[in-house]
Amino acid sequence: REGGGGGRECVLCAVGSYAGYVGAVECSLCPNISTTTFGTGTNSSSGCVCELGHEGNGGADPSGCLPCAEGFFKDKAQIGNCTACPRLTTSPIGSDALNDCTCVSNALLVEGECACEEG
């Protein structure tokens, strides 16, 4: 919560920000543009987590969050690593959904799965 000083009303810090200490007059933004919070009222930078399509330790790590590498995705806002696309698929950097994974150039979509071309 921020406020409380100088007759100001206490309010919860917005999503993507936190109060660094009890009675903080202002909220601080989560470090790095690729971090957010699960909701309002976060009370420390350790409550900052990686956004969709990013991996890392969030506000607990000075390096913050980095976009998922090509061939990986992350569909939840949380601390942790990106997930590899299924076999014979790839995805663009920073992918945030399994649907971003598409067949690699030498594979064909057969009955909903990617398969190697014959020949």
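The values are calculated or read from the model by the stated rules, or taken from the named source; none is laboratory data. Keep in mind that what you see is a predicted model, and the values were worked out from it rather than measured. Counting neighbours? That spans all protein chains shown, and the Cβs are built from the backbone with ideal geometry, glycine included. Just the protein is used for accessible areas: all its heavy atoms, side chains included, with ligands, DNA and RNA removed. Shrake-Rupley method; radii C 1.70, N 1.55, O 1.52, S 1.80 Å.
For the peptides 101-107, 82-88, the ranking by mean Cβ contacts within 10 Å, running from highest to lowest, is 82-88, 101-107. The modelled label-to-label distance between Gln78 and Val11, using points 7 Å beyond Cα along the C-beta direction, is 3.2 nm. Pro92 sits among other residues whose Cβ lies under 14 Å from its own Cβ, and their net charge, with Lys and Arg +1 and Asp and Glu -1, is -2. For region 76-119, the equivalent ellipsoid derived from the Cα gyration tensor has semi-axes of 25, 9, 8 Å, listed largest first. Carbon-plus-sulfur accessible fraction, the chain (probe radius 1.4 Å, protein heavy atoms only): 53%.
Over the chain, all Cα pairs binned in 10 Å intervals from 0 give whole-percent P(r) values of 16, 31, 22, 15, 9, 4, 1, 0, listed from short to long.
Solvent exposure of region 35-96 amounts to 51 Å² per residue of accessible area, where only protein heavy atoms count and the probe is 1.4 Å. Taking the chain as a whole, the Cys residues whose C-beta sits 4.7 Å or farther from every other Cys C-beta are Cys10, Cys116.
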